[in-house]
1. Residues being closer than 17 Å to Lys2 by Cβ, surrounded by 15 or more Cβ atoms within 10 Å (Cβ to Cβ) and not polar (S, T, N, Q): count how many of those fall in segment 58-92.
2. If you check Ala101, Ala65, Ala75, which single one turns out to be touching a Gly at 6+ places or on another chain (Cβ under 6 Å) and at pLDDT below 95?
3. Report those helices (runs of 4 or more DSSP H) wholly inside segment 1-80 carrying at least 3 residues which are under 21 Å from Arg97 (Cα atoms) and of a type in the set (Gly, Ala, Ser).
4. Limited to segment 16-57, what total is found for residues that are among the hydroxyl-bearing types (Ser, Thr, Tyr) and touching a residue at least 24 places away in the same chain (Cβ under 8 Å)?
5. Identify all residues within segment 95-104 that are surrounded by 11 or more Cβ atoms within 10 Å (Cβ to Cβ) and in contact (Cβ under 8 Å) with a residue 40 or more places away in the chain; write none if there are none.
Amino acid sequence: MKWLGWAALILGLPLALMGAITPPNEYQATLGIDALDCDGPAGVYLFAVPALLIYGAGLVINGRAWRKGTNLLLALACAVLCIALGMNLARAVIVDRAQAAACSSK
């Protein structure tokens, strides 16, 4: 059953990379202008939240068995990805809250 956890981490890697590198404001990242991007943070949430759950669980499971070298290496990789995902998710929340008044459709 160990291979099932490793397979989940490998299959979740594209999701985690997209969640870590997707910018919360695509206009600012690509064009350098501070334009309003109402759906930018949603793209980050779409990739980052499931990836954070997958790699957070991987961090906990592999961190509990840290005495084996492979588990320690996997736990460190999961921790690095969780930090990158958390930082991008925090940036998306900041952008989303800053643009909440302009992007709300009532």
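The values are calculated or read from the model by the stated rules, or taken from the named source; none is laboratory data. This structure is a prediction, so every number in the text was calculated from the model and none was measured. FYI the Cβ positions are ideal-geometry reconstructions off the backbone, even for glycines, and counts take in every protein chain you see.
1. 8
2. Selected residue: Ala75, the only one of Ala101, Ala65, Ala75 that is touching a Gly at 6+ places or on another chain (Cβ under 6 Å) and at pLDDT below 95.
3. Result: 40-64.
4. So the answer is 3.
5. Val95, Asp96, Gln99, Cys103
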